[in-house]
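Okay, so here's the structure we're looking at.
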Amino acid sequence: MTSAAKPGLIERVARSRFIVPYIVGFALFMQMLDSTVIAMALPDMARSLNADPVRLNIAITSYLLSVSVFIPVSGWVADRFGARNVFVAAIVLFTVSSVFCGLAGSLGELVAARLAQGVAGAMMVPVGRIVMLRSVSKADLMQATTYLTLPALLGPVLGPPVGGFITTFGSWRWIFLMNVPVGVIGVVLALTFIRNTREDGVPPLDVRGFVLTGVALACLVLGFETLGHGAISWQFSTLVLLVGLVCALLYVHHARRTLHPVVDFGLMRIRTFRASIVGGNLCRFDVGAAPFLMALLLQVVMGMSPFAAGMITFTGATGAIMAKILITPVFRRFGFRLVLTANAVMVALTIVACAALTPLTPQSVIMIVLFVGGMFRSLQLTGVNALVYADIPPERMSSANTLSSMLQQVAFSMGVSIAALAIQASMAARGAATISIVDIRAGFIVLALLAAASTISFLRLPPRAGEEVSRGRTGAMEASVSDGHA
């Protein structure tokens, strides 16, 4: 009885259209949480490893650089060795390297383990997305995308309270060691429910393109990160950014002369893809920068502890979760163009509302503002993450995912830099040496203007853009019946 029931259960679960997106979202959440929690633990880690807290920032930077270098090749690796094989191997490497991070006895050991974690992260999330794209139809893409967007929103919000709790009541080493059971569960689920797919006739790796894109992306991310956090002089950050731009231009020139470039910028000619990348990234600036600005507002201006501030910002994650039940019906009823355009304005208004918060604002009002902001942000990111693949043919899915992942990585780094530069400009204009609420408001306002500017990209979409995705399974079935009668 038991042996017969177990395969039956697995078979029923496997038939679920969304089991694969759940698994991929599971891995994405592990990576996003790990990336944000570590920032809260840096002082405690510095004391434990006898290192300067400023120098310990290299533990974050090394991870980001490693991810940046290897993201461009993720699509080719998935096509060459099989998406599931690479996804599982990435989870294993991420888990094992997490153990070494938790056991590190020196800064050098920690950085080496973080570099390995970065390689795993560069493969785990983009390749996981490829697994999802090959597992669901375009009619189910909107619903499946919600399971990938939520972890990206929840990670930065949950990171501060989780990191504060662990470092306050335990050891920073548990930040990494808690990945072990999550990784084991992820591997078991992936091997059980995901089919291994690989492309036939995969061309040789574009080695020169891989080097140029890796250097370009690493320099851009490093430049924006150091510029935003002020860890290094602005002259050095600017130089690194210039090197990144030069390598990017060299790659564009190289790609035009190469039959199979590692990153296909020709995808930007597809209207829905271009709107999702340009407009979507203008909204993504807020994802990385909002937690940074809220931490300054709640902790520096309002004097809250990191844990207390994290518990308040958690309401944004609650809003993102609640929006999940509205996403599919809203896009099915109104379509991508109208929803993304109108919602971009709402995202901008919720950011302006954050700028209006003061130390006298009741905590209940702050939580309502963050809750509503989380809902609109979740709706927007789910929409652009689904639209980006709406008109991509199956044989170009890997290339589209690689390019999208690259540009998202840059956007997340740029968000904090833009907010930090706005704060610095406001302080300079006031002639002040210490940050105040006026400076934080400047950061919020700049982010709001950028989110509002994304409407230009979405207004250029055709009225029925991405209709097969937005209408979902019901709409696809209706179209099929209509075609049959014709």
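The values are calculated or read from the model by the stated rules, or taken from the named source; none is laboratory data. Keep in mind the model is a prediction, meaning the values are calculated, not measured. We place every Cβ from the backbone using ideal geometry, glycine too, and count neighbours over all the protein chains shown. The area values use the complete protein model at the heavy-atom level, side chains included, leaving out ligands, DNA and RNA. Shrake-Rupley method; radii C 1.70, N 1.55, O 1.52, S 1.80 Å.
If you check Met367, Met346, which single one turns out to be open to solvent by 40 Å² or more (accessible area, probe 1.4 Å), touching a Phe, Trp or Tyr at 6+ places or on another chain (Cβ under 6 Å) and part of a helix (DSSP H, G or I)? Let's see the steps before the verdict.
Working: Met367 fails: touching a Phe, Trp or Tyr at 6+ places or on another chain (Cβ under 6 Å).
Sole residue among the options that is open to solvent by 40 Å² or more (accessible area, probe 1.4 Å), touching a Phe, Trp or Tyr at 6+ places or on another chain (Cβ under 6 Å) and part of a helix (DSSP H, G or I): Met346.
Which one of Leu28, Leu65, Leu115 is modelled with pLDDT of 80 or more, in contact with a Pro (Cβ under 7 Å, 6 or more places away or on another chain) and among the hydrophobic types (A, V, I, L, M, F, W, C)?
Details: Leu65 fails: in contact with a Pro (Cβ under 7 Å, 6 or more places away or on another chain); Leu115 fails: in contact with a Pro (Cβ under 7 Å, 6 or more places away or on another chain).
Checking each option against the conditions leaves just Leu28.
Okay, residues lined up against (1) more than 22 Å from Val24 (Cα to Cα); (2) open to solvent by less than 10 Å² (accessible area, probe 1.4 Å); (3) out of contact with any helix residue (DSSP H, G or I) (no Cβ under 6 Å at 6 or more places or on another chain):
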residue	(1), (2), (3)
Pro43	yes, no, yes
Arg47	yes, no, yes
Leu65	yes, no, no
Val69	no, no, no
Phe94	no, yes, no
Phe100	yes, no, no
Leu107	yes, no, no
Gly118	no, yes, no
List the number of the failed condition for Val263; all other conditions in (1) in a helix (DSSP H, G or I); (2) buried (at least 21 other Cβ atoms within 10 Å of the Cβ) hold. (1)
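Within region 431-444, how many residues turn out to be part of a helix (DSSP H, G or I), open to solvent by 10 Å² or more (accessible area, probe 1.4 Å) and touching a residue at least 60 places away in the same chain (Cβ under 8 Å)?
First pass over region 431-444, keeping only residues part of a helix (DSSP H, G or I): 437-444.
Checking which are open to solvent by 10 Å² or more (accessible area, probe 1.4 Å) leaves us with 437-438, 441-442.
Then keep just the ones that are touching a residue at least 60 places away in the same chain (Cβ under 8 Å); that gives 437, 441.
Here the count works out to 2.
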Just the residues that are at pLDDT below 90 and either β-branched (Val, Ile, Thr) or over 23 Å from the mean Cα position of the chain (by Cα) (or both), please, taken from region 206-224. Val221
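Evaluate the following for Phe331: is it part of a helix (DSSP H, G or I), surrounded by 16 or more Cβ atoms within 10 Å (Cβ to Cβ) and under 21 Å from the mean Cα position of the chain (by Cα)? Spell out how you get there, then give the answer.
On the way: part of a helix (DSSP H, G or I): yes; surrounded by 16 or more Cβ atoms within 10 Å (Cβ to Cβ): yes; under 21 Å from the mean Cα position of the chain (by Cα): no.
So Phe331 fails the test.
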Is at least one residue of region 182-199 crowded, with 19+ Cβ neighbours inside 10 Å, outside any loop (DSSP other than H, G, I, E, B) and at pLDDT below 85? no
Being closer than 16 Å to Ile368 by Cα, in contact (Cβ under 8 Å) with a residue 24 or more places away in the chain and either over 22 Å from the mean Cα position of the chain (by Cα) or crowded, with 19+ Cβ neighbours inside 10 Å (or both) is the requirement here; does Gly310 meet it? yes
How many residues of region 390-430 are open to solvent by 10 Å² or more (accessible area, probe 1.4 Å) and not in a helix (DSSP H, G or I)? The answer is 2
